[in-house]
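K.L.:
Handing you this structure, nothing more for now.
The values are calculated or read from the model by the stated rules, or taken from the named source; none is laboratory data. Keep in mind that this is a model prediction, so the values were computed, not measured. Backbone-built Cβ (ideal geometry, glycine too); neighbour counts: all protein chains shown. Accessible surface is based on the protein model in full, side chains and every heavy atom, while ligands, DNA and RNA are left aside. Shrake-Rupley method; radii C 1.70, N 1.55, O 1.52, S 1.80 Å.
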Amino acid sequence: MRTPFIAGNWKMNKSPDAAVAFVREIAPLLDAIDGIDSAVCPPYLAIPAVAAAVAGTKVGVGAQNMYFETSGAYTGEISPTMLQGLCRYVILGHSERRALFGETDEGVNKKILAALAHNLTPIVCVGESLTQNEAGETQSFVSGQVRAAFAGLSDWQAAVCVVAYEPIWAIGTGRSASAQQAGDIIRTSVRDVLTDLFGSDTAQAIRIQYGGSVTEGNIADYMSQPDIDGALVGGASLKPTFVDLVRSAVI
Ligand code: 13P
């Protein structure tokens, strides 16, 4: 009942020209794949041109971050009102934002509420570090991140969100979590927590992605897990083989 969803997080890669050339190549191919939603999340500068290039296809566009205020003296920031109408999704709380740019659970929660207020679909990122994983703290840490991110949301607001479970030790390392491992954490630390917060109907409607060294070679394993509804893909979303990855995700 949940439509699978694969999103490409391009991170700080591709100029606007390169982004448009790439998306012109992949969008018609992605558009032809039935039974799955796909999206690309380019750097801010490329969003307008990429959005124009995918118009008329079912390929979605997302931003990689956003500030929660709508305007004002916030040098270097981009607001929800600037993204509204230009793209559909916004990645919030990515571990790189949390680790390198000081984002907190409280700030991520404010951003999620602001995104929802402006008709943007948040892709809410959670995930533990290697140290936390090895200390057996994954479940408590990830559950805490989910509770903090979803604080103050109504059931209908929660149902709109996408969650991406991305263990930090698996991001860009080629060391992906096993499908079973990822599926178990997503069930116990994300879906069960959402059930506790919002009830079963809402929790069952929320799409939960796995992220961390996902490739066209391993995506089918993840998709075979009942609670994994797709992937947030970094490196493998920058190449034309992203189309094969999306194709392989359709069960
Ligand atoms: P990689 O797919 O490159 O490991 O990156 C994952 C990620 O951080 C997506 O947001």
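K.L.:
Please say if the chain is rounded, prolate or oblate, where rounded means a/c under 1.5 for a ≥ b ≥ c the square roots of the C-alpha gyration tensor eigenvalues, and otherwise the choice is prolate for a/b larger than b/c and oblate otherwise?
P.N.:
Rounded.
K.L.:
Then there is this: Before I look further, what does segment 138-188 give for accessible area per residue, probe 1.4 Å, in whole square angstrom?
P.N.:
That works out to 40 Å² for each residue.
K.L.:
For segment 124-251, what does the alpha-carbon gyration tensor say about shape, rounded, prolate or oblate, given a ≥ b ≥ c as the root eigenvalues, a/c under 1.5 as rounded, and a/b over b/c as prolate?
P.N.:
Cα axes put segment 124-251 in the oblate bin.
K.L.:
Would you mind getting the accessible area per residue of segment 1-65, heavy atoms of the protein chains only, 1.4 Å probe, in Å²? All intermediate terms of the calculation are to be shown ahead of the outcome.
P.N.:
On the way: 2750 Å² over 65 residues.
I get 42 Å² per residue for this part.
K.L.:
Let me ask something additional. Per DSSP H run of n ≥ 4, the term is -39500 (n - 2.57); total these for the chain, divide by its residue number, and report the mean residue ellipticity at 222 nm rounded to 500 deg cm²/dmol.
P.N.:
Values: 13 runs with 102 residues, N = 251.
Value at 222 nm, helices only: -11000 deg cm²/dmol.
K.L.:
Okay, moving on. Considering only protein heavy atoms, with the full assembly of protein chains and a 1.4 angstrom probe, order Thr173, Thr75, Thr215, Thr121 by accessible area, largest first.
P.N.:
Highest to lowest solvent-accessible surface, that is Thr75, Thr173, Thr215, Thr121.
K.L.:
How much accessible surface does Lys239 have with a 1.4 Å probe, in Å² rounded to 10?
P.N.:
We get 100 Å² for Lys239.
K.L.:
To continue, here is another question. Below 14 angstrom from the Cβ of Glu106, what's the summed charge of the other residues (Lys, Arg +1; Asp, Glu -1)?
P.N.:
+3
K.L.:
Is the shape of segment 121-179 best called rounded, prolate or oblate, per the rule: a/c under 1.5 gives rounded, else a/b larger than b/c gives prolate, else oblate, with a ≥ b ≥ c the square roots of the Cα gyration tensor eigenvalues?
P.N.:
oblate
K.L.:
Using amide H atoms built in the peptide plane, which far-off residues or other-chain residues are under 5 Å from Leu92 H to H?
P.N.:
Here Ile123, Val124, Cys125 satisfy the definition.
K.L.:
Now for a different question. Would you list, by chain and number, the aspartates and glutamates whose Cα falls below 13 Å from the Cα of Lys111, excluding same-chain residues fewer than 8 positions away?
P.N.:
Glu69, Glu77, Glu103
K.L.:
Please list, or write none, the lysines whose alpha carbon is within less than 23 Å of the alpha carbon of Lys58, excluding same-chain residues fewer than 8 places away.
P.N.:
Filter leaves Lys11, Lys14, Lys239.
K.L.:
Same structure again: Run the numbers for Ala18 and Ser200: contour at 0.36 nm per residue of separation, minus the present Cα-Cα distance, in nm.
P.N.:
Contour length minus the Cα-Cα distance gives 61.2 nm.
K.L.:
Considering only the other residues whose Cβ falls under 13 Å of the Cβ of Leu194, what net charge follows from Lys and Arg at +1 and Asp and Glu at -1?
P.N.:
Numbers: positive: Arg2, Arg147, Arg187, Arg191, Arg207; negative: Asp155, Asp192, Asp196, Asp201, Asp227, Asp229.
Charge balance near Leu194 sits at -1.
K.L.:
Search the structure for amide H atoms under 5 Å from the amide H of Glu166, placed 1.01 Å from N in the peptide plane, and list their residues when 5 or more places away or on another chain.
P.N.:
Val126, Gly127, Gly211
K.L.:
Among residues other than Ala39 whose Cβ falls under 10 Å from its Cβ, what is the net charge (Lys/Arg +1, Asp/Glu -1)?
P.N.:
Residues close to Ala39 contribute a combined charge of +1.
K.L.:
Next question, about the same structure. Hey, what did the chain get for relative contact order, percent, Cα under 8 Å, at least 6 apart?
P.N.:
20 percent
K.L.:
How large is ³J(HN,Hα), in whole Hz, for each residue of segment 194-209 in order, when computed from phi with the Karplus curve 6.51 cos²θ - 1.76 cosθ + 1.60 and θ = phi - 60°, using x for Gly and Pro?
P.N.:
5, 5, 4, 6, 10, x, 5, 4, 5, 4, 6, 7, 7, 8, 10, 9
K.L.:
Per residue, how many Å² of accessible area does segment 72-114 show with a 1.4 Å probe?
P.N.:
Per-residue value: 52 Å².
K.L.:
Going by accessible area, probe 1.4 Å, with all protein chains left in place, what is the ranking of Trp156, Trp169, largest first?
P.N.:
Largest accessible area first, the list is Trp156, Trp169.
K.L.:
Where the centre of each part is set by its Cα atoms, how far does segment 197-251 sit from segment 110-185, in angstrom?
P.N.:
14 Å
K.L.:
In the full protein assembly as shown, how much of Phe68 is accessible to a 1.4 Å probe, in Å² to the nearest 10?
P.N.:
About 50 Å², ignoring ligands and nucleic acids.
K.L.:
What is the percent carbon and sulfur in the accessible area of segment 5-128, measuring with a 1.4 Å probe over the protein chains and ignoring ligands?
P.N.:
Solvent-exposed carbon and sulfur of segment 5-128 make up 55 percent of the total.
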